[in-house]
Amino acid sequence: MPIIVKADVQGTVQAVTDALKTLNSPQVFVNVVHVGVGPISQSDVDLAQSCGACIVGFNIKAPTSAVTMAATQARIKIMQHSVIYHLLEEVGYLIVDKAPGTFETKVAGEAEVLNIFELKGRSKSIGGDVKIAGCRVIDGHVTKSAIMRLLRSGDVVFEGSCASLKREKQDVERVGKGNECGLMLCDYDGFQIGDIIQCLEQVVRKPKFISSESGAVRIEC
């Protein structure tokens, strides 16, 4: 994330720059593209606009109304503070907001196979029998559009798409904890009573801004 730093004296500029770099995370890198002493000027706004930066002002006077208006029109964010903790807090939350996040798979729910039903000659795609797992959702929820993972004695037996999810003979998209359902998997029907079917969903994990009572701050990914 590109940042322009302006402060009252050169020593403060360096201190603020060093403090901002402590917020670097694997997802968002603080890139100080320009530093200077004195109030925020029109040239700072022009530079910020050209490189997509925000502007940090520390211990300096507020910019003139003309500069403020130019920054607003250019959608340049200006952050002014006189307390370093407050500055890091605002920049930290901005970093978290801009971070793209990482995709990870989580288990959204689990269903236990209680019964296995076989329908003769009901598969149009393969022209054979169809096996349906009669399940009870024992944790979370099961969603038809999710990926399913079948476990047997703790080992992964199959992982793939859900072909059908029914509750009380009606097609449904989601079944919650405590409810029973009929479930078919694509390209797999070797169910056994006692199997566990996990519902896997992709979620975006964003970094978190962490602050402590001592004033220490960090970005946790």
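No value in this document is a laboratory result; all are computed from the given coordinates. Since the structure is predicted, the reported quantities are computational estimates derived from the model, not experimental observations. Ideal geometry is used to build each Cβ from the backbone, glycine not excepted, and the neighbour counts take in all protein chains shown.
List of remarks:
- Convex hull (Cα only) mean projected area of the chain, reported in nm² to one decimal: 18.1 nm²
- Counting neighbouring beta carbons within 10 Å and listing from fewest to most, the residues LYS77, LYS98, LYS120 come out as LYS120, LYS98, LYS77.
- Global geometry of the stretch 1-132, whether rounded, prolate or oblate, following the gyration tensor of its Cα atoms and the 1.5 cut on a/c: prolate
- Sequence of MET69, MET148, MET1 once ranked by neighbouring C-beta atoms within 10 Å, starting from the fewest: MET69, MET1, MET148
- The stretch between ALA66 and HIS34 holds 9.4 nm of extra length on full extension. This uses 0.36 nm per residue minus the Cα-Cα distance.
- Residues with amide H under 5 Å from that of GLY109, placed H, sequence gap 5 or more: HIS141, CYS199
- Each of VAL130, GLY178, VAL56 was scored by the projection of its Cα onto the charge dipole of the chain, and the greatest displacement toward the positive side belongs to VAL130; charges sit on the C-beta of Lys, Arg, Asp and Glu.
- The stretch 103-204: translational diffusion in µm²/s, Stokes-Einstein, Kirkwood Rh over Cα pairs, 10 °C, 1.306 mPa s: 118 µm²/s
- The angle between the Cα long axis of helix 84-98 and the longest principal axis of the Cα atoms of the chain comes to about 40 degrees, rounded to the nearest 10.
- Among LEU23, LEU151, LEU119, the largest mean-square fluctuation in a Gaussian network model of the chain, built with springs joining Cα atoms closer than 10 Å, belongs to LEU119.
- With all projection directions averaged, the alpha carbon convex hull of the stretch 124-178 covers 4.8 nm².
- On Cα atoms only, tilt of 10-21 relative to the major axis of the chain in degrees: 0 degrees
- Sorted by Cβ density within 10 Å, fewest first, the residues ASP44, ASP139, ASP189, ASP18: ASP18, ASP139, ASP189, ASP44
- Helix axis angle, 42-51 relative to the chain longest principal axis, alpha carbon, degrees: 30 degrees
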